[in-house]
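A quick write-up on the structure given underneath.
The values are calculated or read from the model by the stated rules, or taken from the named source; none is laboratory data. Just so it is clear, the model here is predicted, and its values are computed rather than measured. As a convention, Cβ positions derive from the backbone with ideal geometry for all residues, glycine included, and neighbour counts pool all protein chains shown. Note: accessible area is taken over every heavy atom of the protein model, side chains too, but ligands, DNA and RNA are not part of it. Shrake-Rupley method; radii C 1.70, N 1.55, O 1.52, S 1.80 Å.
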Amino acid sequence: MTEELAFRGFEYAAAPESRAIVSLEDAYGHYVGGRWLEPSETYTTISPASEEPLAAVGQASAADVDAAVAAARSAFDSEWSALRPAERAKYLFRIARLLQERAREFAVLESLDGGKPIKESRDVDLPLAAAHFFYYAGWADKLEYAFPNRRPRPRGVAGQIIPWNFPLLMLAWKIAPALAAGNTVVLKPAETTPLTALLFCDVLRQAELPPGVVNIVTGDGRTGAALVEHDGVDKFAFTGSTEVGKAIQRELAGKGKGLTLELGGKAANIVFDDAPLDQAVEGIVNGIYFNQGHVCCAGSRLLVQESIEQPLVEKLKRRLSTLRVGDPLDKNTDVGAINSAAQLQKIEELVAAGEQEGAEIYQPPCRLPERGYWFVPTVFTGVAQSHRIAQEEIFGPVLSVLTFRTPEEAVEKANNTAYGLSAGIWTEKGSRILWMAQRMRAGVVWANTFNRFDPTSPFGGYKESGFGREGGLHGLEPYLRFDEDGGA
Ligand code: NDP
């Protein structure tokens, strides 16, 4: 057996998850005031793995956004803000349980519309989305204890814009704390991944959530911009690119509205020479190839101590050749489809820049499907700090490897970025973990693990990665007003 074959092991038989559990409508409207609003304009959402059209979806106009904000305002004033907190909690618990009951249906739809492997939507996105609703349901009637002596009150109508990398999970991150705090919501999912948000409307119906408490309008950036420009929204929460985040901040400047921004990242995953290498390799793979690298906190820069660069990179390359790229609905798939043609183009452009600037590229032998958007898991070695692939967010399955000699140099290089969302540290010394963590300008620092999420843990960035936190008690705060803010 050749060495290459020995690495690859045996072939896996296809193990596709059945699509039969999902029944798609031909066309969807906007979910406003508990009813479906006929869209004036539509577009088609496709499966990025096959380019197959899935459904027609509404492109919300400024008038549609206005109707959604009016429904949210009316629900806030008439019912939701005055509801006993324990009653609010019951709705959130119901939503959480319904998501668990319908988890398989949601997971299949998420993989179909977004391209992520079913094992990730099934084992990560869905359990975490339900956990967020459970977690914030628990806080709904304890806000006075969470923020003692500060008289927490809801802000009003929350406008929320989410991206395409974790569509349902980002919806949960946004909607659960907003409702727990007593706000009503208008949410816009990303253009390429609207379907789980639209299916979520059926969960709201099952949970008998009062009409207008959650409204969902679909469409592209124009719909997002109309929501941001709407005067009737009291608080905004945005997850997406730094560029759009900056535009939103400019638009809202001086208007006295609440704003949280969760933007891009270029995280350093730092491996010291005393780290258990095989474990670190799994962490590196999970850090950058999880969800095709479409992860804002992805460990896209590997900083490895110079003395172990060679053995670590060798192990990593060997591991890469065992990653299975292909059908997102196949339970064996490790790396699914790139979310859109536009994102694929962006990845290709940055990878070409990496080669041009002189970094050395490695891609394992890999058969890609003929249709759809795909990119082979890629590693660049010999990367310099100044290279674009070391500075810019690629948001794809592409790792840049840099080296360091001392902990001080690792800190310097890790923080040499415009972003500051996350970092990873691999070492067997607890004291070194603490020393490093104190010096990382990053909102989340993982030690001997990567890409772990929990609803109780705050998540958010420094610098161009944004501001405000989601998750935990910190995640409730932006959805509340307090005595010290002034006003009734
Ligand atoms: P965007 O920031 O454009 O998308 C995020 C959300 O904002 C989407 O719902 C989008 O709608 C909406 N939006 C777009 N323009 C506006 C606007 N002017 N006002 C209000 N809302 C708007 O990200 P992209 O999808 O364009 O991805 C580009 C890059 O951003 C990626 O390559 C990646 O580097 C980064 N990114 C980072 C994410 C993160 O989690 N930090 C998530 C997604 C992307 P629509 O879907 O129609 O564009």
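Things to note:
- Of note, VAL295 satisfies the criterion of being assigned by TED's automatic domain parsing to the domain that holds ALA442 and within 13 Å of the ligand (Cβ to nearest atom).
- Residues (closer than 13 Å to LEU476 by Cα and charged (D, E, K, R)) located in region 151-193: ARG153, ARG155, LYS174
- Hits in region 337-385 (condition: free of Cβ contacts under 8 Å to residues at least 12 places away in the same chain, farther than 23 Å from ILE118 by Cβ and open to solvent by 50 Å² or more (accessible area, probe 1.4 Å)): ALA342, GLN345, GLU349, GLU355, GLN356
- Restricting attention to region 309-323 and to residues that are open to solvent by 10 Å² or more (accessible area, probe 1.4 Å) and in contact with a strand residue (DSSP E or B) (Cβ under 7 Å, 6 or more places away or on another chain), the residue that is farthest from the ligand (Cβ to nearest atom) turns out to be GLU309.
- Members of region 335-351 that are within 11 Å of the ligand (Cβ to nearest atom) and of a type in the set (A, V, I, L, M, F, W, C): ILE338, ALA342, LEU344, ILE347, LEU350
- The criterion of at least 2 residues that are modelled with pLDDT of 95 or more and open to solvent by 10 Å² or more (accessible area, probe 1.4 Å) is met, among strands (runs of 3 or more DSSP E) falling completely within region 390-488, by 444-447.
- Here VAL157 meets the list (1) more than 14 Å from the chain's Cα centre (by Cα); (2) at pLDDT 95 or above; (3) open to solvent by 10 Å² or more (accessible area, probe 1.4 Å) almost entirely, failing just condition (3).
- Looking across region 230-245, the residues that are within 10 Å of the ligand (Cβ to nearest atom) and open to solvent by 20 Å² or more (accessible area, probe 1.4 Å) come down to GLY240, SER241, GLU243, VAL244.
- Boolean, ASN286 is within 16 Å of the ligand (Cβ to nearest atom) and either under 28 Å from TYR12 (Cα atoms) or not hydrophobic (A, V, I, L, M, F, W, C) (or both): no
- Qualifying residue in region 190-206 (condition: away from the ligand (no atom under 14 Å from the Cβ), under 30 Å from LEU344 (Cα atoms), open to solvent by 10 Å² or more (accessible area, probe 1.4 Å) and within 20 Å of the chain's Cα centre (by Cα)): yes
- Within the span defined as region 177-189, every residue fails to be open to solvent by 10 Å² or more (accessible area, probe 1.4 Å), over 16 Å from GLU79 (Cα atoms) and among the hydrophobic types (A, V, I, L, M, F, W, C).
- So LEU109, is it touching a residue at least 40 places away in the same chain (Cβ under 8 Å) and either assigned to a helix (DSSP H, G or I) or open to solvent by 40 Å² or more (accessible area, probe 1.4 Å) (or both): yes
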